[in-house]
Amino acid sequence: MTARIGVVTFPGTLDDRDTQRAVRVAGAEAVPLWHKDKDLKQVDAVVLPGGFSYGDYLRAGAISRFSPVMESVIEQAKAGMPVLGICNGFQVLTETHLLPGAMLRNNHLHFICRDQKLRVENAETAWTADYTAGQEISVPLKNIDGQYTADERTLDMLEAEGRVAFRYLDMNPNGSLRDIAGITNEAGNVVGLMPHPEHAVEPLVGTGRTDGLGFFTSILKKLVNA
């Protein structure tokens, strides 16, 4: 039976179709989910893709957090469903408190778009198992509110519990504390990151590499072997 991975579209979402394609390239079925619909259509996992949902008014992700679909996503995530938040999706996950911390405007106050080198810090989550700890990958990054922040106690907790999933290498593109590019919840089923793995799944486009495909093959193998 084919794994079904839902991809949520909010008003202002940009990367839902790229994410759907990445899901299909990995071998799963991509299921479009609309922000006003609480029905998750019996999907096995959910991706909150990148973009500028609701124009980033108030704060990035602050309005999307109250969309009807998020009621179901929050409930299912707490029950163990795998959820991946990419860029704006990561911002939504912090607003829902499924992941700790918050996102601020980039420290240089400019939008940034570049290929970004990352180091995999945690290869034991539902979305990173096809990587190895310490592996270096390169995926596109594009954001203006990408500076991850949290209080020192929270940062120390994330470090101590191995919940920093990815760290920026070579340069910190947005001022994120401790070079954090992505984190996971305690259970390892919810992961959020600012870079865009869905743009690095085919050699023809994106970085010209397939370094981002591991996110989608990781979750597929977990679901198939569950």
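With the charge dipole of the chain set up from +1 on Lys and Arg Cβ and -1 on Asp and Glu Cβ about the Cα centre, the Cα lying farthest toward the positive end among the listed residues ALA187, GLY175, VAL7 is that of VAL7. The orientation-averaged projection of the convex hull spanning the C-alpha atoms of the stretch 1-46 amounts to 3.0 square nanometres. What the Cα atoms of the chain give is an Rg and a Dmax of 15.6, 47 Å. Placing a label point 7 Å from the Cα of GLU159 along the Cα-to-Cβ direction, the residues of the stretch 113-127 whose backbone N falls under 16 Å of that point are 121-122. Rolling a 1.4 Å probe across the protein heavy atoms gives the chain an accessible surface of 43 Å² per residue.
In this rough spin-label picture, where each label sits 7 Å from Cα along the Cβ direction, the ASP37-GLU152 distance is 4.9 nm. If I build a Gaussian network model for the chain, linking alpha-carbon pairs within less than 10 angstrom, which residue out of ARG163, ARG178, ARG65 has the largest mean-square fluctuation? Answer for the Gaussian network model of the chain: ARG178.
Measuring between alpha carbons in the structure, the pairs from LYS78/LYS142; LYS38/LYS142; LYS117/LYS221; LYS41/LYS78 lying more than 23 angstrom apart are LYS78/LYS142; LYS38/LYS142; LYS117/LYS221. Spin-label model, ALA123/VAL205: points 7 Å from Cα along the beta carbon direction are separated by 2.8 nm. Of TYR57, TYR168, TYR148, the residue with the greatest mean-square motion in the GNM of the chain, using alpha carbon springs below 10 Å, is TYR57.
GNM remark for the chain: springs join alpha carbons under 10 Å apart, and the peak mean-square fluctuation among ILE86, ILE137, ILE183 falls on ILE137. Taking the accessible area of the chain, probe 1.4 Å, and keeping the other protein chains in place, the carbon and sulfur fraction comes to 50%.
The values are calculated or read from the model by the stated rules, or taken from the named source; none is laboratory data. Being a predicted model, the structure only gives us computed values, none of them experimental. Methodologically, a virtual Cβ is constructed for each residue, glycine included, from the backbone with ideal geometry; neighbour enumeration extends over all protein chains shown. Side chains included, ligands, DNA and RNA excluded: accessible areas come from the protein's heavy atoms. Shrake-Rupley method; radii C 1.70, N 1.55, O 1.52, S 1.80 Å.
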